[in-house]
Amino acid sequence: MPAADTAGPPPEGARPGAGRAGHVLILGGTTEARRLAAALVTGPGADPARLVTSSLAGRVAEPRLPAGRVRIGGFGGAAGLADWLRAERVDALVDATHPFAEVMSRNAAEAAAATGVPLLALRRPGWTPAAGDRWYEVASLAEAAALLPGLGRRIFLTTGRQGMAAFAGLDALHFLARSVDPPAPPMPAHTDVLLARGPFTLDEERAVLREHRIDVLVTKDSGGAATAAKLTAARELGVPVVIVRRPEPPGGVPVAEDVAAAVAWLATAGG
Ligand code: NAP
């Protein structure tokens, strides 16, 4: 998708050198990224002279738009992002992408190093198992797929529409794949698609597991409350969970675990 700027150029008063308090670029696509934009644009202590731009990859057809200025589409790798940081005179960069958006996080670290723009990673903590959980931790979707035939036949896939190919050869199993937009082929032969956007309640998750007679849940360790209820429902119903561990974040980048910590960091980072 070509890059698009839904809010046009920065307002005059918000341009560098015109009384602006800083330009913050948030790499988004998560609940936390939207909350950070809201906190900076409309929250208590919001500085109207600060320019806040959120960047979305453009994967979701109708994304929930954050407050402030929004641009949509890739930058063209780390070099493209570095160019953008310079051209837009960005003072602080927050990588608030999903913990599995590995490429974008690496590009952010490289672009920050190349330009000297301070970078913070906003990462919600991962999930941890509780008593009664039957979790199988794996390093990749491919490893998850390899485990499934030994665990059950009716699989609830909540790993996102982009990873379906990893399960495509498992034609003896039945899949229920939940995603915001329809998943792209290749897909397993027996796949029902459930189009839905979180957050999901515990009642909703219990109902999905029961109605579809799910005997294995597959998820990434996304963390956060919005999609955690499926783990509780699985525990209650004795359903094993195959959970894909997070990729290692780029080294040397400070991490905030919540929006308040990110706001506090920005107050010191010149953004
Ligand atoms: P990725 O593999 O790390 O990134 C691939 C490419 O997509 C990047 O190189 C970049 O293109 C572009 N991109 C990614 N995030 C972007 C952003 N916020 N703004 C502008 N361009 C972006 O990313 P992904 O895993 O496909 O995730 C894409 C988006 O979906 C992210 O914003 C992420 O927060 C969100 N998301 C991902 C997951 C997941 O499980 N991976 C789950 C929920 C939401 P260029 O190199 O051209 O700049």
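Can you list residue pairs whose Cβ atoms sit under 7 Å apart, with the first residue in region 193-218 being charged (D, E, K, R) and the second being modelled with pLDDT under 95? Count only pairs 6 or more apart in sequence or on different chains. Listed pairs, sorted by first residue: ARG197/VAL180.
Listed here are the residues, each with its yes/no results for (1) buried (at least 23 other Cβ atoms within 10 Å of the Cβ); (2) within 13 Å of the ligand (Cβ to nearest atom); (3) of a type outside the set (Asp, Glu).
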site: GLY58; (1), (2), (3): no, yes, yes
site: GLU62; (1), (2), (3): no, no, no
site: ARG86; (1), (2), (3): no, no, yes
site: PRO99; (1), (2), (3): no, yes, yes
site: ALA113; (1), (2), (3): no, no, yes
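Determine, yes or no, whether ARG123 is within 13 Å of the ligand (Cβ to nearest atom), under 30 Å from LEU147 (Cα atoms) and either among the aliphatic types (A, V, I, L, M) or touching a residue at least 12 places away in the same chain (Cβ under 8 Å) (or both). Spelling it out, ARG123 is indeed within 13 Å of the ligand (Cβ to nearest atom), under 30 Å from LEU147 (Cα atoms) and either among the aliphatic types (A, V, I, L, M) or touching a residue at least 12 places away in the same chain (Cβ under 8 Å) (or both). The residue of region 149-174 that is farthest from the ligand (Cβ to nearest atom), among those that are surrounded by fewer than 22 Cβ atoms within 10 Å (Cβ to Cβ) and of a type in the set (A, V, I, L, M), is ALA172. The residues listed here are VAL103, VAL117; of these, the one that is among the β-branched types (Val, Ile, Thr) and in contact with a helix residue (DSSP H, G or I) (Cβ under 6 Å, 6 or more places away or on another chain) is VAL117.
The values are calculated or read from the model by the stated rules, or taken from the named source; none is laboratory data. In this text, all values refer to a predicted model and were calculated from it rather than measured experimentally. Note that we place each Cβ from the backbone using ideal geometry, even for glycine, and neighbour counts take in every protein chain shown.
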